[in-house]
Structure formats: structure tokens, C-alpha cells
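Colleague: A single structure is presented below for examination.
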Amino acid sequence: MFRIWPHRTYGVVILFLLACFLHYFFWHVDVAYTTTTKEQGETVATYNFPPIYAGQVIPHLTPINPSTLIPRGSYPIDAAHRNGYLHTGHCLFIMDESGLLLFLKRSSDVVTCPSTWSILGEHSIANELAHDTVVRGMEEELGLKKQVSSLGPDGFAADFQTMSNNSIHVAIQNITQYPLYYIRHYGPRLDNRIDSQLTYLWLARLPKRHDEIQIKLDDEVADHKWISLEEFSDWIEADARDHDKEEEEEHNLRHHGGKKDDGPPSGDFCHHTIRTLYAKGLENLKLMI
């Protein structure tokens with residue numbers, strides 16, 4: 001004979017299922033600034049810092065010589081974020097011949113920073129060299145097809161085939177001497193995940209104006225625009241003015257129980273951690289251009 005569960009039991013089951021759903025939803029909303037739907041199952045190489053940093057709290061945007069890192073093995077990107085393992089990633093400023101920079105608006109359907117603006121970004125997957133990650137990013141995000149590439153002292157060059165079957169020669173160079181340590185704590189609201197990433201900043205110079213090059217943007221891009229350095233500078237300064245104080249207050253409220261939480265997303269560029277990384281890239285671009 002079947003027994004009828006009491007109403008209280010039903011209520012407990014419903015609350016449990018609701019808690020599971022909310023945990024799943026908020027876990028996916030804001031984890032890792034470069035993570036896309038395609039990347040969630042990828043395996044990344046992870047590292048330990050060299051002994052010189054032992055016992056130190058390494059500040060956000062600290063330059064780190066990558067040759068000093070100590071390999072610790074490869075893990076799925078989710079495991080790297082869940083455990084705060086250091087991994088590597090790349091941000092690319094794409095500039096056309098007239099000096100305009102490409103910005104991409106993320107779809108409202110993506111799980112990381114929906115409907116916010118970014119430059120092109122990729123994680124390095126396991127056993128992938130830095131320049132190979134950059135080339136892969138341009139292929140996947142812009143619809144270009146690499147024909148050949150060559151390394152140089154400060155960067156490299158690559159020939160790509162465009163969507164219209166034309167060939168373009170793209171010069172790509174580092175913006176900083178060493179990649180920068182990017183660190184964001186997601187706190188108890190996201191199972192204390194930590195995005196600990198050594199981030200390379202690159203400038204990729206296209207040989208023509210953007211309207212002369214046919215590209216195909218990734219499906220997770222809802223919109224895009226090309227703007228000048230000055231427009232980018234004004235934009236990111238305004239975004240910081242509007243949201244940095246708000247995020248600082250959120251951070252102070254959420255720094256509890258011995259666990260750091262850098263707060264929820266805010267602003268056109270998702271959050272303060274990304275804004276400051278882009279601002280550093282902008283600072284160096286102004287010295288280069």
C-alpha cells in the first residue's frame with residue numbers, strides 16, 4: 001500500500017529542488033571572464049607560483065615571468081576555477097588600419113557576463129603555446145583561417161584567409177613585457193571559486209580598414225563596434241566612475257567568514273577586475289600607437 005507523504009515533506013522536497021536549481025544557476029552566471037559555452041569542458045594547464053612568491057598575497061595585475069612558473073598538471077577549466085589553480089589566458093586588442101579597436105557584445109544567453117562588452121579573449125588549453133592560442137582565438141571568434149605564422153622577438157605575424165577568400169597579413173605583439181596576474185574571488189555565493197589567471201595582452205594589427213575585411217563573428221556575439229582609442233578611454237573611465245564605488249561597497253559587505261567575494265557583475269565591461277585589466281592594456285596601447 002502506498003503512503004501519502006505529508007504536506008511538510010512535499011515542502012521540504014520542493015525547497016531542496018529549488019535550492020539545487022539556484023545553486024546551478026548562480027554558479028554559471030559569473031565564473032571566469034573568458035569562459036564561453038565552448039570552453040566549459042576544456043582542459044587547461046595549471047601552475048604553481050615560483051618560491052619567490054611563497055607566503056605572499058600577489059596583487060591583481062602583477063607582471064609575472066611565465067618561465068618561472070612550476071607546472072602542476074592539467075585540469076578541466078571548471079576544476080581550475082573551483083580550486084583556484086593558476087592557468088593562462090589571452091586578451092587581444094584587434095586594431096584595423098585606421099586605428100579603430102574591435103569590441104564584442106556578449107549574447108544575453110551566455111552564462112558568463114551576458115550582454116556586456118569585451119575584447120577577444122581565450123584560455124590556453126593544455127599543451128598549447130601562447131601564439132597558437134592567439135591564432136585559434138582569431139580563427140574561432142572572427143572566422144579567419146590561418147595560412148602561416150612566424151615568430152619574432154616581441155610577437156609574431158600570421159597570414160589569414162578571410163571569409164571572402166582574401167589573404168591578410170596580421171602583425172601581433174605583446175602589450176606588456178610579461179603577462180599580468182588576473183585574480184577574482186567569487187566568494188560563498190559561487191562556492192568560493194577563484195579565477196587565478198596569468199593573462200597575456202596582445203595587439204593584433206589588421207592591414208586594412210575593418211569594412212574592407214569580411215569576418216564572421218562567433219555565435220555568442222550579439223553585436224560589435226569599432227571605436228578609437230580616445231572613445232575607448234572615455235568609455236572605460238565613465239564605466240569605472242559609475243560602478244567602481246558600487247562594487248567596492250558590495251565587496252566590503254561580502255568579505256565575511258574569512259572568504260573573499262569581489263561581488264556580482266556590474267557595468268558595461270562586466271566588473272572591476274576586467275575593467276582594470278583593460279585599462280592597463282589601454283595605458284600601454286597609448287604608449288605604443
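The values are calculated or read from the model by the stated rules, or taken from the named source; none is laboratory data. Keep in mind it's a predicted model, so treat the numbers as computed, not measured. With ideal geometry, Cβ positions are generated from the backbone for all residues, glycine too; neighbour counts draw on all protein chains shown. For accessibility, only protein heavy atoms count, side chains too; no ligands or nucleic acids. Shrake-Rupley method; radii C 1.70, N 1.55, O 1.52, S 1.80 Å.
Colleague: Determine the order of Glu212, Glu128 by accessible area, beginning with the largest, at a probe radius of 1.4 Å.
Modeller: Glu212, Glu128
Colleague: Another question, then. What does the C-alpha gyration tensor say about the overall shape of the stretch 140-182? Classify as rounded when a/c is under 1.5, otherwise prolate if a/b is larger than b/c, or oblate. Display every interim value, and only then the final one.
Modeller: Details: a/c = 3.61, a/b = 1.83, b/c = 1.97.
It comes out oblate by the Cα gyration axes.
Colleague: What number do you get for the stretch 73-143 when its Cα radius of gyration is normalised by 2.2 N^0.38 Å, N = residues?
Modeller: Scaled against compact globular proteins, the figure is 1.26.
Colleague: If you don't mind, another one. Kirkwood hydrodynamic radius, the stretch 167-244, all distinct C-alpha pairs: what's the number in Å? Before the final figure, lay out each step's value.
Modeller: On the way: mean 1/r = 0.0608 Å⁻¹.
About 16.4 Å for the stretch 167-244.
Colleague: Working from the pairwise distances between different alpha carbons, so that the mean of 1/r is found and then inverted, what is the stretch 85-243's Kirkwood radius in Å?
Modeller: Result for the stretch 85-243, one decimal place: 16.8 Å.
Colleague: Which value, in debye to the nearest 20, gives the size of the charge dipole of the stretch 132-289 about its Cα centre, when Lys and Arg are +1 and Asp and Glu are -1 at the Cβ? Can you show the working numbers first?
Modeller: Working: 19 positive and 30 negative charges, 115 e Å.
The dipole magnitude comes to about 560 debye.
Colleague: If you place +1 on the Cβ of every Lys and Arg and -1 on the Cβ of every Asp and Glu, how big does the dipole about the Cα centre of the stretch 41-169 come out, in debye to the nearest 20? Write down the numbers at each step before the final one.
Modeller: Values: 7 positive and 13 negative charges, 71 e Å.
Charge dipole, the stretch 41-169, about its Cα centre: 340 debye, nearest 20.
Colleague: Evaluate E = 1/(1 + (r/R0)^6) for Ile289 and Ser149, where r is the Cβ-Cβ distance and R0 equals 22 Å; express this FRET efficiency to the nearest 0.05. All intermediate terms of the calculation are to be shown ahead of the outcome.
Modeller: Numbers: r = 23 Å, r/R0 = 1.05.
Using R0 = 22 Å, I get an efficiency of 0.45.
Colleague: How many nm separate the modelled label positions at Asn174 and Asp242, each set 7 Å beyond the Cα in the direction of the Cβ?
Modeller: Once both label points are built, they end up 3.5 nm from each other.
Colleague: Once ligands and nucleic acids are excluded and a 1.4 Å probe is used, how much of Thr133 is accessible, expressed in Å² to the nearest 10?
Modeller: Thr133 exposes around 0 Å² with every protein chain in place.
Colleague: Now for a separate question. Solvent-accessible area of Arg106, probe 1.4 Å, all protein chains present, reported in Å² to the nearest ten, please.
Modeller: 30
Colleague: How do Met138, Met163 stack up against each other in accessible area, from largest to smallest, with a 1.4 angstrom probe?
Modeller: Details: Met138 0, Met163 85 Å².
From most exposed to least exposed: Met163, Met138.
Colleague: If you wrap the stretch 104-173's Cα atoms in a convex hull and average its projection over all directions, what's the area in nm²?
Modeller: Working: hull surface 23.2 nm².
Mean orientational projected area (the stretch 104-173, Cα hull): 5.8 nm².
Colleague: Any idea what the dipole of the stretch 179-236 comes to, in debye rounded to 20, about its Cα centre with Lys/Arg Cβ at +1 and Asp/Glu Cβ at -1?
Modeller: Details: 8 positive and 11 negative charges, 49 e Å.
Dipole about the Cα centre, nearest 20: 240 debye.
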